[in-house]
Structure formats: C-alpha cells, structure tokens
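Quick notes on the structure that follows.
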Amino acid sequence: MDPISLKAALGAGLLSFPVTPFNDDDRFNRAVYEDHVGWLSGFGASVLFAAGGTGEFFSLTPDELPEVVRAAKASAGATPIVSGCGYGTKMAVRIARLAEEAGADGILLLPQYLIDASQDGLFAHVKAVCGAVDIGVMVYNRDNAILSADTLARLCEVCPNLVGFKDGSGEIGLVRQITATIGDRLTYLGGMPTAELFADAYLGAGVTTYSSAVFNFVPALAQEFYTALRAGKTETTNRILRDFFFPFMEIRNRRKGYAVSAVKAGVRLQGFDSGPVRAPLTDLTADEVSMLEKLVAPHRR
C-alpha cells in the first residue's frame, strides 16, 4: 500500500493491535494468530497493527517479527497491516526493512529503548527509519520519545512517507498544538492504554480515531463505542464506559503490564489459545481472570 492510501486508511475507522500468541515452547503460534486475526478482520477495523505494543513487540526478536507480519497479511483479507518497529536507530532501520520485505503496509515507530534523546536526536532517528523504507511510517509519541510540534513539522518537510502521529503521552495541550500546526498533513491517532477512556478528550483535540486494545476480544462492543463516539451519542458511550471500560480499568490497574496481560487473557476467554505473555510481563491471577470473565460473558463469540 502506498503511503497516501495508508494515511487514508488510518483515518477511516477504528484501529487495533492483535495480541501475539505463543505455544508451550514459547514460540510464535501462527495457526492461532491467523485464526484470531481472521476473526477480527470481520469486524471492520480499518487497519490492524502486527507486533505492536499489545502484540508484545518488545518481547519479539527481529527474526520473529517478519513471520508475524506475514501471518497477519495472510489472514487479514483486505485489511492493511502495519508493523511495529523500534529500539535504537540501526536496529529500527533493520526491523523496518524486514517488515517491508514481509509485506507490511506501514510502520509504527515505537519509542527507542531506554535512553532519552534531544529533539535533534529524535529527528535523526525518525528520518533514518522513514528513509529506509518506501511504505508509510507513523510515529508513536510517548514516554522517552516526545516530539515537539516544531520537530514534527521539520520531519513532515523531509519525510514524504511520514503519514501518521499517534499520541500516548496524554499531553492534550501538546497534541492540540501539533494538530493545529501540522493540519491534515498527518493522520492523528489516540494511543493511550485503553484508549476509549480518553477518546472524548482526544476528539476535542483533533484526534478522530484510536487503537482499541479491547477490540482483540470484544470487537463488536469496541465498534459500538467508536460509532457512538463519532456520532456524539454520549448516552451510549457513557453506558459502555460504566458497564465495561471502568471495570476493565480496575483490573488493568491492579499490576503494571496488565494493559497487555488483561487483553491477552480476554482473547483466551474468547476461545483462542493465545498462550501466556512473555517475561517481563506477568499473567493475570485466577481471581482476576474470573473478574474479567464476568465482563466478557455478555460478549462471547
């Protein structure tokens, strides 16, 4: 997919990040992944992200990532597939090229590992990844990779395949400055953990879509919420927040890393043998799985 087409697809509807299943030998379970992605592709996500944050990108080796991308492309039908990418610049360039060779339609550049960097360093990092591939790239603004509006504007001038900006910082003032400064040059995505909890605030800042982690296991509910949000049906969004998202948030907040672990547990509750999360993440306890099961029960496939 060319970058302009990807940009349009990113802004066309709800997005999501399929979890990455592992088998008993801690290897990528392609059969389960393809089954799960095939199921998700029937619920109208405009783009799916293979090996993203919820897909445990940080726990995959560079050699594993292309297989995940190929499996996603094989099972997602016409749904575009964007691959996770990250770490230091040389590693990120290598991963971006491997993803492109595997058939990815785009790249999501996650924050570099560990080290804080200046705006000039972040500029050079993003520019190197964009220059390494022909497919579209979006940056993930969070943690130790917070781009200023000026830096992002500079990148837009020199990187024609930079098509998206995803924010997970929660700094609404900065996001609004960026959307006002850059305009429609980029597509803007919400990327906070359990993004539905922040969707109203981001919509007001010019961010019209987001990636839904819970789409992994309650896709119809995720789409119902997104549709109601875009239609301004506050009564519906408030009901879904009260009935599902706020209780889910309580489970997610019980331990660090549960933003991924709780989603993977939800996928297992829907009958997909997605296996455990990889260390350093930890899985939910039996009691916590029971709590989640009650939430998922009305939405069983």
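The values are calculated or read from the model by the stated rules, or taken from the named source; none is laboratory data. As the structure is a computational prediction, the values presented were derived from the model and not from experiment. Heads up, the Cβs are rebuilt from the backbone with ideal geometry, glycines too, and the neighbour counts pull from every protein chain shown. With ligands, DNA and RNA removed, areas are computed over all heavy atoms of the protein, side chains included. Shrake-Rupley method; radii C 1.70, N 1.55, O 1.52, S 1.80 Å.
For the stretch 55-74, name all the residues that are open to solvent by less than 60 Å² (accessible area, probe 1.4 Å), farther than 20 Å from Ser5 by Cα and either modelled with pLDDT of 95 or more or of a type in the set (Gly, Ala, Ser) (or both).
Gly55, Glu56, Phe57, Ser59, Leu60, Glu64, Leu65, Pro66, Val68, Ala71
Within the bounds of the stretch 34-55, is there any residue that is assigned to a helix (DSSP H, G or I) and acidic (Asp, Glu)?
Yes, the conditions are met somewhere in the stretch 34-55.
Any idea which residue in the stretch 2-30 is surrounded by the fewest Cβ atoms within 10 Å (Cβ to Cβ), counting only those that are in contact with a strand residue (DSSP E or B) (Cβ under 7 Å, 6 or more places away or on another chain) and under 19 Å from Cys159 (Cβ atoms)?
Gly11
Tell me which of these Tyr226 doesn't satisfy, since it passes every other one: (1) surrounded by fewer than 20 Cβ atoms within 10 Å (Cβ to Cβ); (2) out of contact with any helix residue (DSSP H, G or I) (no Cβ under 7 Å at 6 or more places or on another chain).
(1)
Can you name the residue in the stretch 200-214 that is free of Cβ contacts under 8 Å to residues at least 60 places away in the same chain and in contact with a Ser or Thr (Cβ under 8 Å, 6 or more places away or on another chain) and is also nearest to Leu10 (Cα to Cα) among such residues?
If we take residues in the stretch 200-214 being free of Cβ contacts under 8 Å to residues at least 60 places away in the same chain and in contact with a Ser or Thr (Cβ under 8 Å, 6 or more places away or on another chain), then Val207 is nearest to Leu10 (Cα to Cα).
Would you check if Leu109 is touching a strand residue (DSSP E or B) at 6+ places or on another chain (Cβ under 6 Å), without any contact (Cβ under 8 Å) to a residue 40 or more places away in the chain and within 16 Å of Leu174 (Cβ to Cβ)?
no
Quick check, is Arg255 under 20 Å from Val37 (Cα atoms) and charged (D, E, K, R)?
no
Looking at the structure I just gave you, is Ser83 within 20 Å of the chain's Cα centre (by Cα) and modelled with pLDDT of 95 or more?
yes
Kindly list the number of the only condition in (1) touching a residue at least 60 places away in the same chain (Cβ under 8 Å); (2) more than 15 Å from the chain's Cα centre (by Cα) that fails for Ala31.
Condition (1) is where Ala31 drops out.
Take Ala51 and decide whether it is on the phi < 0 side of the Ramachandran plot, of a type in the set (A, V, I, L, M, F, W, C) and open to solvent by less than 50 Å² (accessible area, probe 1.4 Å).
When the stated conditions are applied, Ala51 does not pass them.
Ile240: among the aliphatic types (A, V, I, L, M), under 25 Å from Gly84 (Cβ atoms) and over 14 Å from the mean Cα position of the chain (by Cα), yes or no?
no
Would you pick out the residues in the stretch 237-296 that are crowded, with 19+ Cβ neighbours inside 10 Å, closer than 17 Å to Pro193 by Cβ and among the small types (Gly, Ala, Ser)?
Within the stretch 237-296, Ser261, Ala262, Ala265, Gly266 meet the criteria.
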